[in-house]
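Heads up: the structure comes next, in structure tokens.
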Amino acid sequence: MAIVVNVDVMLAKRKMSVSELSERVGITLANISILKNGHARAVRFETLNGICRALNCQPGDILEYVPDETNE
């Protein structure tokens, strides 16, 4: 996939656990794991807003575009 989710990177930088992020954002651990592992097909702006608020970061700190080699 061309969009890489860097939630794990931001969690490490903020020294925050997945369970703490889950509690702060109000979404399940399973959904955080799906997002963190790059298996999410969509992200609600409300969820992205909550993650950015909890991690004190910008959406660009979490989402990164990496071109697919197969599409070039």
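Can you go through 8, 68 and tell me which one is in a loop (DSSP other than H, G, I, E, B) and surrounded by fewer than 17 Cβ atoms within 10 Å (Cβ to Cβ)?
Details: 8 fails: in a loop (DSSP other than H, G, I, E, B).
Just one listed residue meets the conditions, 68.
Got at least one residue in region 44-57 being among the polar types (S, T, N, Q) and touching an Asp or Glu at 6+ places or on another chain (Cβ under 7 Å)? Reasoning before the result, please.
Filtering region 44-57 for residues among the polar types (S, T, N, Q) gives 47, 49, 56.
Imposing the further condition that a residue be touching an Asp or Glu at 6+ places or on another chain (Cβ under 7 Å) reduces the set to none.
There is no residue in region 44-57 that is among the polar types (S, T, N, Q) and touching an Asp or Glu at 6+ places or on another chain (Cβ under 7 Å).
Counting only residues that are of a type in the set (A, V, I, L, M, F, W, C) and modelled with pLDDT of 95 or more, which one in region 31-61 is nearest to residue 13 (Cα to Cα)?
The first filter runs over region 31-61 and keeps only residues of a type in the set (A, V, I, L, M, F, W, C), leaving 32, 34-35, 40, 42-43, 45, 48, 51-52, 54-55, 57.
Applying the additional criterion that residues be modelled with pLDDT of 95 or more yields 45, 48, 51-52, 54-55, 57.
On the way: 45: 22, 48: 18, 51: 14, 52: 13, 54: 13, 55: 9, 57: 11 Å.
Only one residue tops the list, namely 55.
Looking for something out of contact with any strand residue (DSSP E or B) (no Cβ under 9 Å at 6 or more places or on another chain) and closer than 21 Å to residue 67 by Cβ - is there at least one such residue anywhere in region 43-57? If you could, list the steps in order and put the result at the bottom.
In the first step, residues of region 43-57 are kept if they are out of contact with any strand residue (DSSP E or B) (no Cβ under 9 Å at 6 or more places or on another chain); the result is 44-47, 49-57.
Checking the rest, the ones that are also closer than 21 Å to residue 67 by Cβ come to none.
Checking region 43-57: not a single residue is out of contact with any strand residue (DSSP E or B) (no Cβ under 9 Å at 6 or more places or on another chain) and closer than 21 Å to residue 67 by Cβ.
Can you name every residue in region 20-52 that is touching a helix residue (DSSP H, G or I) at 6+ places or on another chain (Cβ under 6 Å) and of a type in the set (Ser, Thr, Tyr)?
Of everything in region 20-52, just one residue is touching a helix residue (DSSP H, G or I) at 6+ places or on another chain (Cβ under 6 Å) and of a type in the set (Ser, Thr, Tyr), namely 22.
Among the numbered criteria (1) within 11 Å of the chain's Cα centre (by Cα); (2) without any contact (Cβ under 8 Å) to a residue 60 or more places away in the chain; (3) exposed (fewer than 13 other Cβ atoms within 10 Å of the Cβ), which single criterion is violated by residue 32?
Here residue 32 clears every test but (3).
Is there a residue being of a type in the set (Phe, Trp, Tyr) and either surrounded by 10 or more Cβ atoms within 10 Å (Cβ to Cβ) or part of a helix (DSSP H, G or I) (or both) anywhere in region 38-50?
In the first step, residues of region 38-50 are kept if they are of a type in the set (Phe, Trp, Tyr); the result is 45.
When the remaining residues are screened for being either surrounded by 10 or more Cβ atoms within 10 Å (Cβ to Cβ) or part of a helix (DSSP H, G or I) (or both), the result is 45.
Checking region 38-50: at least one residue is of a type in the set (Phe, Trp, Tyr) and either surrounded by 10 or more Cβ atoms within 10 Å (Cβ to Cβ) or part of a helix (DSSP H, G or I) (or both).
The values are calculated or read from the model by the stated rules, or taken from the named source; none is laboratory data. It should be emphasised that the depicted structure is a prediction, and the values quoted were computed from it without experimental measurement. Positions of Cβ are generated from backbone atoms using ideal geometry, with glycine treated the same way; all protein chains shown enter the neighbour counts.
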